Amino acid sequence: MDDLLGEFIAETRETLDALAGEVVAWEAAPEDRARLDAIFRFVHTVKGSCGFLDLPRLERLSHAAEDALADVRADRRKPDAALVSAVLAVIDRIGELTDAIETGESLSDGEDAMLIAALAPGAGDARAVTLAASSPSAGPRAVSRSIRLPVELLDRMMAGVSDMVLARNELARSLRDGEGGDGGLGIEAAFERLSQCIGEMRDAISRTRMARIDTLFSALPRLVRDLSADLGKLVCLEVEGGDVELDREMIEMIRDPLTHIVRNAIDHGIESPEERKRAGKPPVGRLRISARQAGNQILIDAIDDGRGIDGDRLVQKAIDAGLVGADQAASMSWSRKLDLIFTAGLSTAREVSAISGRGVGMDVVRANVERIGGLVDVDSRPGAGLRLTLRVPLTLTIIPALTISLAETYFAIPRSAIEEIVRRGGRAVRIDRMGGGLVASIRGERLPLVDLGAVLAGEPGRADERAILVVLKAGGGERYVLGVDAVHDHEELVVKPAAPGVMAAGIYAGATLPDNSRPMLLLDVSGIADAAGVAAGEEAADAPAEVDAAEEELLPALLFRDLDCVERAIGLALVERIEDVPAAAASRSAGRMRLAHDGRILPLFGCGAPLPPDCIRILRMNDGTTQLAYAIDSVIDIVSIGSAQGMAAEPGPIAGVALVEGRPVELLDPYWLFAEGVAQAVSRETGPLCLIVDASDPWTRQVLGPLVSAAGYRVAFQGDEGGAEADVVIATGSAPPPLGLAVPVVRIRSEVQGRGEDDDSIYRYDRTGLLDALRYRIEARRASGRRY
Amino acid sequence: METLFLIASIAGQRVALPAYHVESVVEMESVTPVPLVVPHIAGLFALRSRVLTVIDSLAALGLGRTPIGGLMQAVIVGCDGHPYALLVESVEDVVRAPRPQPPCAVLSPEWARAARGMIEHEGEPLLLIDPAALVAGPPAIAA
C-alpha cells in the first residue's frame, strides 16, 4: 500500500479511538469549546488529507460534518442530540471507510447521502441511519499490527544496542586476554556489564509493548452513551486510571470481556430511572471503571450502583437447572453463590435482551481473562450494586514463578496462584486421612491436600510424606494444598506455549528455560485441581468463617520476631520472600543501612537493634518498582489481621497496632518504608544541589556534608566543579556568600542563641531547623521562579 | 524433479525423511521427562535456548519404546510452529532422490500410518516417513 495512505489510515484510526469519547463529552457539555475544537480539527484534517489523497467519498462526508460543526462554532447553531448522533454516525462511517481502504473491500455509498442529510438542521434522529449503516461491519475488525512509538524510546533502544555491542566487544577482548593467564576477573566484569545491558534492553523492549489502558477506556463513553440511550437508562460513567500501562496484546485480550461487563452493568445492573426512584436512589446510575497497578498485576474494577446480583436467586436458578444439589446449595458461602454467575448457561436476567443476551455469558468473560493468566473477582450487594474486578498480569510472556521439585523433576508454579508455603511438621500444620483422601489443616483451616506425585504418576497419594505444602488458589476459586518435595527459587520466567501433545495433559501452562538451561514446565494450577478432582464446592466447609470475614476486611500478614525480640507484623502481599544473607553483605554507608544482595544494593531497614554477627534474616519487599529489605530475627506465622487500630503518632516505620489473637502487635508501615527506600534511591542523582561555603573547615566536610547528603541533597563544596549550579547555599558564621550566585543562602551559627531579632541564622546542631530551612528556601525559590 | 531426503534409521529400518522439514540433526544427552503425557512424548530438551519436545519415534509408531539415556541422535523438525526432536537410532546422509512412489509392499498398520510413499536410493527402496505423523503419535486407543 502507498506509504502516505498507510500513514493516513493509522493516524485516522488512532484519532478516531480517542475522538468517540470527546463527542460524547461534548454532548454532555455543549458549551465546552475545547472539545468542539478537537472534533472540528479531526474532520478538518480528514477533509484536507482526503483532498490530497484523492478519496472523494471521505472528503464529502468530512466536509459535511465540518460545515455543521463550523456553524456550531460560529454560534449559528445549537448542538442537540440529533446533531451529535449525526456527527457520530459520520465519524463511524469515516472509520468504516478507512478500514475498507486498508482491506481493499468496497462499501456501498448508498447511506452516505443519508448521513449527510442527517447533519442538516431539523433533520430527524440519525440513530436509525447509524444502526443501518454500522450493522454490516459488526464482524471482527482486523486489528492493525503496527504501532507508534515515541522517538525517545526508539533512541533509548538504539543506545541500548550500541551499549550491548560495546559490552560484547569488551567480553570478547577479555576472553581473548583471559586465555593468556590472569583471566577470571576481567571476564566476569565484562559479563556483568553485558548482562546489565541486556536487562536494560529488555526493559526498553517491554516498554514498546506497553500501551496506556486509555486506548481501551476511550471507547467506553461512546458505548455507554449508545447503550443507555437504547435502553432508556441514565448512566453516568466515571473512568479513572487511564494512564496505567499494560501490554498491548493484553489490552486486546481484555477488550471483549470489559465491553461485555459494561453491557451487563447497563443492561442488567443499572435500573430504569423510575425503578431507581422507587428504590430511593438518584435517577442517574453510576458506572465506575478504574484501573490501577498492584505489583505485577493490573486491577481493573467495574463498579455500578445498580441492583447487583442476587446470590440466592442465582442459586435457585442453578438448582432448577440441575447444576447444583439443594443440600449443596444450602451450605454455600455468599461468594460461592456469586461465583455461579460464571457458570455456563446461568443468567439472572429475566428476559434476554438484544444488548447482552447474545449467548456470551460471564463464563466466557472469565475464560478469556483466565486464558491470559488473569482472574475475575465478583462482589455484590443486592439492591446496592456490583463490583467486578479483573486482575491481569502486566505482560504475557514473563511471569514471576517459584520453582519446586518432586523427586528429581523441577516444575514452576506462577507466583500469583501461591497463597502461602508451609513446611510439614510445623505446629500449625496437621494432616489427616479421610475417606482415602487427605486433608491439611493449616492454622485451623481445612483444605484438600493433593499430592503432586499422585497427580503426575496416578499413584495413591503419599502427600503426607511430602516435606513442603504449597497453598494454592486456582482461577476458579478452588483452594487446595499441593504436596511437593522441595521449594527452590523465585525466578522471572519467559514462558512459551508447549507443544500441543504436552498441553493436552491438561496440567501444564507452558514450557520455560530457567537459568540452569534445563527445560521446565509451568504447572497449570486449575488443571491440577481438575486432575486431582478438587471441586470448587469443597470450599463449602469453611463457609461460616468466610461470612464472618466479610464483616471486617481481614488481610493476611506476616507475624515475625524483630531483632529487638518484639513481635511485629507486616502485610503479606508486599513480602516477596524471606532470605538469609551473610552479615558481611550489610553495611552502613552514607548514613544509611544498605545491603549488597544479588548484585544490587538494597536499602536495609531494621528496628534499630544491632544486627546479628554472622547471618541476617531479611524480608525482601517489592512494591513493583522499589525493592528493599527489612532485617528480622525469625518468622513466627502468617495471621489474618484487621486494619491497624491505634495509629502511630508520627510517620515512622510503625503504622500502628493491630490485634493478633488478642495481643497487640505493632504493624510495620510499608508506605513509610518504600517512601524512604525511594528517597534513598533517587537522592544521589536528582536531589537539589547544596553548595557549602567554607570548605576548609573540617566540620563542614565531615559533619555537615554527610547530614545534608543523607537528607537527599547533592553536596558540593566551594571551589568544587558544578558549584555554580547550586540550588541553595549553606554559609557558616560570617563567611561571605560566594559572589555571582543568585541563590538563597542558609546561614548557620555555632552559638545556641541567635544574636538578635533579625538574625535568621540557624544553630548548627539544630538538624530539624536546618533541613526545614533548606527545604523551605528551595521551594520558595522554585515558586518564585529564580527571582533571587 | 529431485528433492532432498534425510536417511535415518528407526526401529532397525532405514527410512527417509523429507529434508525440507528437517532443521538440523543433534546429539542429545539429557532429556527432561514430562509426566502425564502421551507415551510417545519422551520429554523436553533445550537447544540454543529453545525448548524442544522430544518424540520417541518407536512409541509414535506403536512399536515399543526407546530407552532414554546416554547420547541419543535426534532429528529436529518444525511442526505447526513448535520445534520437535525425533529420536532416531542413527542418521546416515542427505541424498537426492526422485519424487516418491507409492510403496510396493503391504505395510504393517503401524508403518502404514506414518508412511507417505517410497523412494529409491542406490537401488534400495526406502520408506518415506512423515514427521507430522510421528509428532501426532499412535491413534488414541478407545477406552
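The values are calculated or read from the model by the stated rules, or taken from the named source; none is laboratory data. All figures in this text were calculated on a predicted structure; none of them were measured in a lab. Positions of Cβ are generated from backbone atoms using ideal geometry, with glycine treated the same way; all protein chains shown enter the neighbour counts. Side chains are part of the model used for accessible areas, which takes the heavy atoms of the whole protein and leaves out ligands, DNA and RNA. Shrake-Rupley method; radii C 1.70, N 1.55, O 1.52, S 1.80 Å.
Side notes on the structure shown:
- Residues (out of contact with any Lys or Arg (no Cβ under 8 Å at 6 or more places or on another chain) and away from every other protein chain (no Cβ under 14 Å)) located in the stretch A:484-504: A:A486, A:V487, A:H488, A:D489, A:E491, A:E492
- No other residue among B:V91, B:V37, B:V51 is in contact with a Leu (Cβ under 8 Å, 6 or more places away or on another chain), within 14 Å of another protein chain (Cβ to nearest Cβ), of a type in the set (A, V, I, L, M, F, W, C) and crowded, with 17+ Cβ neighbours inside 10 Å apart from B:V51.
- Search result, residues across the stretch B:64-86 that are more than 12 Å from chain A (Cβ to nearest Cβ) and either closer than 18 Å to B:S49 by Cβ or within 16 Å of the chain's Cα centre (by Cα) (or both): B:G64, B:R65, B:T66, B:P67, B:I68, B:M72, B:Q73, B:A74, B:V75, B:I76, B:L86
- Subset of the stretch A:257-301 [at pLDDT 85 or above and of a type in the set (K, R)]: A:R263, A:R276, A:K277, A:R278, A:K281, A:R286, A:R288
- First in the stretch B:98-118 and within 25 Å of B:H40 (Cα to Cα), second anywhere and exposed (fewer than 13 other Cβ atoms within 10 Å of the Cβ), Cβ under 8 Å, 6 or more apart: B:R113/B:P139; B:G117/B:Q101; B:G117/B:P102; B:M118/B:Q101; B:M118/B:P102; B:M118/B:C104
- The stretch A:505-520 - residue that is closer than 21 Å to B:G137 by Cα and at the interface with another protein chain (Cβ under 7 Å from one of its Cβ atoms) and, of those, nearest to the chain's Cα centre (by Cα): A:A511
- Looking across the stretch A:263-308 at every residue that is basic (K, R) and open to solvent by 10 Å² or more (accessible area, probe 1.4 Å), the one that is farthest from the chain's Cα centre (by Cα) is identified as A:R278.
- Scan the stretch B:43-62 for residues that are under 24 Å from B:G12 (Cβ atoms) and over 13 Å from the mean Cα position of the chain (by Cα) and the total you get is 2.
- Residues that are part of a strand (DSSP E or B), in contact (Cβ under 8 Å) with a residue 60 or more places away in the chain and either touching a helix residue (DSSP H, G or I) at 6+ places or on another chain (Cβ under 6 Å) or among the small types (G, A, S) (or both) within the stretch A:411-444 comprise just one, A:A412.
- Qualifying residue in the stretch A:107-119 (condition: in contact with a helix residue (DSSP H, G or I) (Cβ under 8 Å, 6 or more places away or on another chain), modelled with pLDDT under 80, open to solvent by less than 40 Å² (accessible area, probe 1.4 Å) and not aliphatic (A, V, I, L, M)): yes
- Every residue from the stretch A:496-532 that is open to solvent by 40 Å² or more (accessible area, probe 1.4 Å) and either among the basic types (K, R) or without any contact (Cβ under 8 Å) to a residue 24 or more places away in the chain (or both): A:K496, A:P497, A:P500, A:M503, A:A504, A:L513, A:N516, A:S517, A:R518, A:D524
The rows are residues; the columns are (1) closer than 24 Å to A:D363 by Cβ; (2) not in a helix (DSSP H, G or I).
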{"position": "A:L223", "(1), (2)": "yes, no"}
{"position": "A:D226", "(1), (2)": "no, no"}
{"position": "A:C236", "(1), (2)": "no, yes"}
{"position": "A:E271", "(1), (2)": "no, yes"}
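- Any chance B:V37 is under 18 Å from B:L127 (Cα atoms) and either hydrophobic (A, V, I, L, M, F, W, C) or within 15 Å of the chain's Cα centre (by Cα) (or both): no
- Scanning the stretch A:456-481 for residues that are within 16 Å of A:V525 (Cβ to Cβ), open to solvent by less than 70 Å² (accessible area, probe 1.4 Å), away from every other protein chain (no Cβ under 14 Å) and at pLDDT 80 or above yields A:I468, A:L469, A:V470, A:V471, A:L472, A:R479, A:Y480, A:V481.
- Lone qualifier among A:A82, A:A89, A:A64 - being without any contact (Cβ under 8 Å) to a residue 60 or more places away in the chain, open to solvent by less than 40 Å² (accessible area, probe 1.4 Å), closer than 25 Å to A:G104 by Cβ and not assigned by TED's automatic domain parsing to the domain that holds A:S228: A:A89
- Qualifying residues in the stretch B:5-34 (those that are under 18 Å from B:E89 (Cβ atoms) and within 14 Å of another protein chain (Cβ to nearest Cβ)) - the one most open to solvent (accessible area, probe 1.4 Å): B:E29
- Once the stretch A:69-91 is narrowed to residues that are in a helix (DSSP H, G or I) and of a type in the set (D, E, K, R), the residue that is nearest to A:A20 (Cα to Cα) is A:R73.
- Which listed residue, of A:D2, A:D37, A:D17, is modelled with pLDDT under 80 and over 30 Å from the mean Cα position of the chain (by Cα): A:D2
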